[in-house]
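Engineer: Starting off with a structure, shown below.
The values are calculated or read from the model by the stated rules, or taken from the named source; none is laboratory data. Predicted model only: the values in this text are computed from it and were never measured. Ideal geometry is used to build each Cβ from the backbone, glycine not excepted, and the neighbour counts take in all protein chains shown. Remember, those area values only see protein heavy atoms, side chains included, never the ligands or the DNA or RNA. Shrake-Rupley method; radii C 1.70, N 1.55, O 1.52, S 1.80 Å.
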Amino acid sequence: MKVPWDIIVVSANEDPLYIEFWPMIAWANRAVFGCEVHLAFLTDRSEDDPYVSELRRHGSVTLYKTVAGVPDCNLAKMIRYIHCSKQGDKVCYIEDIDLLPLSREWPVSRVSQRPPGHLLLCGAEVYGAVTPDQKMLSPAPASLMTAEGSLWKKIINPQDSDYESLVLGWALAAVLSGTTYQDIGSKVDHLSDHCFSCEKLVRSLRVDAGVQVFHVDRNYDVFRDTLPRTGWHFSQERLDAGEYIESHMPRP
């Protein structure tokens, strides 16, 4: 049976901590879900660069230029949403480039609940949101965010701004409002607890856009039902039996 989305979109810059996952992640998502897998790649390389050609051996790759004054690590998180906003009527599912799918059933069971024309968010309870009102104003994990490309455009780029103007507009808006966590221009190290959060910026953008949102809970135990990169270990018997949902892979 066809999955309830058309494209899985991941992103990366040239940091080997992330881009080296692309061949495996592209193959795994096609194998598990049978859908298109797109990489939004932050780089100043040209379209005919041999490295870009190598990446394209594994799937669809779209290049996005760096923007002066905006840290690559921040912009690399946001270009996946920008890429989704260009996909028209195709349903786009956001994923992390270091997340390996181990179950078809679990994500399909979540995304298939999404009413058309709604942004699906999974796991707002991770941020302490329990009631419907709390969830409406809460960020949610980027993983599994799903919507039509046209709805992503309404959230991400409603004024149809050019790429650089869009990114710099987000940076300026954050400075004017003093919202540190959604400041794409923040120089705080991306491994810090106080770094830029694409999830919080998307929360602000979708609230401003007034789009309809559909929340689902994760309803799993991270250390029982997934293989997290912190304390990464597994039971071969459970793996063979298909009992794990996904693995957030240890970085190289």
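Engineer: Run the lone-cysteine check on the chain: no other Cys C-beta under 4.7 Å from the residue's C-beta.
Structural biologist: Cys35, Cys73, Cys122, Cys195, Cys198
Engineer: Let me ask another. What pairs from Lys65/Lys200; Lys2/Lys135; Lys77/Lys154; Lys135/Lys187; Lys2/Lys200 go past 27 Å between their alpha carbons?
Structural biologist: Lys2/Lys135; Lys135/Lys187; Lys2/Lys200
Engineer: Just name one of Thr62, Val130, His118: the one whose Cα is farthest towards the positive end of the charge dipole of the range 58-180 (beta-carbon charges, Lys/Arg +1, Asp/Glu -1).
Structural biologist: The residue sitting farthest along the positive end of the dipole is His118.
Engineer: For the chain, what does -39500 (n - 2.57) per DSSP helix run (n ≥ 4), summed and divided by total residues, give at 222 nm, in deg cm²/dmol to the nearest 500?
Structural biologist: Dividing the helical sum by the residues of the chain leaves -10000 deg cm²/dmol.
Engineer: Exactly which GluC sites (Glu not before Pro) in the range 1-81 are in a DSSP loop and have at most 10 other Cβ atoms within 10 Å?
Structural biologist: Glu47
Engineer: Then there's this: Once you charge only the Cβ atoms, +1 for Lys and Arg and -1 for Asp and Glu, what is the size of the charge dipole of the chain about its Cα centre, to the nearest 20 debye?
Structural biologist: Dipole of the chain, to the nearest 20 debye: 500 debye.
Engineer: Another question about this same structure. In debye to the nearest 20, how big a dipole does the range 140-192 give about its Cα centre with +1 on each Lys and Arg Cβ and -1 on each Asp and Glu Cβ?
Structural biologist: With only Lys, Arg, Asp and Glu charged at Cβ, the dipole is about 120 debye.
Engineer: On to the next question. If you roll a 1.4 angstrom probe over the protein chains with everything in place, what fraction of the accessible area of the range 93-231 belongs to carbon and sulfur, to the nearest %?
Structural biologist: In the range 93-231, the share of accessible area belonging to carbon and sulfur is 54 percent.
Engineer: Please calculate how many Å² of accessible area the range 90-202 carries per residue, with a 1.4 Å probe and no DNA, RNA or ligand atoms counted.
Structural biologist: Result: 45 Å² of accessible area for each residue.
Engineer: For labels at Ser60 and Arg229 in the simple 7 Å Cα→Cβ model, what's the distance in nm?
Structural biologist: 2.6 nm
Engineer: State, to one decimal in nm, how far the label point of Val222 lies from the label point of Asp49, with both points 7 Å from Cα in the Cβ direction.
Structural biologist: A separation of 3.3 nm, rounded to one decimal place.
Engineer: Compute the distance from the alpha-carbon center of the range 174-252 to that of the range 94-173, in whole Å.
Structural biologist: Taking the Cα centre of the range 94-173 as reference, the centre of the range 174-252 is 11 Å away.
Engineer: Continuing with this model, one more query. Can you tell me what the convex hull of the Cα atoms of the range 1-130 projects to on average, as an area in nm²?
Structural biologist: Hull-based average projected area comes out at 9.3 nm².
Engineer: Counting only C-alpha contacts under 8 Å and six or more residues apart, can you give the relative contact order of the chain as a whole percent?
Structural biologist: For the chain, the relative contact order is 22 percent.
Engineer: Right, another one. Helices from the chain with mean Kyte-Doolittle at least -1.0 and a Cα length along the axis of 20 Å or more, per DSSP H: which?
Structural biologist: 163-177
Engineer: Probe of 1.4 angstrom, ligands and nucleic acids ignored: what's the accessible area per residue over the range 1-57, in square angstrom?
Structural biologist: 47 Å²
Engineer: Taking the inverse of the average 1/r across all pairs of different Cα atoms in the chain, what Kirkwood radius in Å do you get?
Structural biologist: After inverting the pairwise mean of 1/r, the radius is 18.7 Å.
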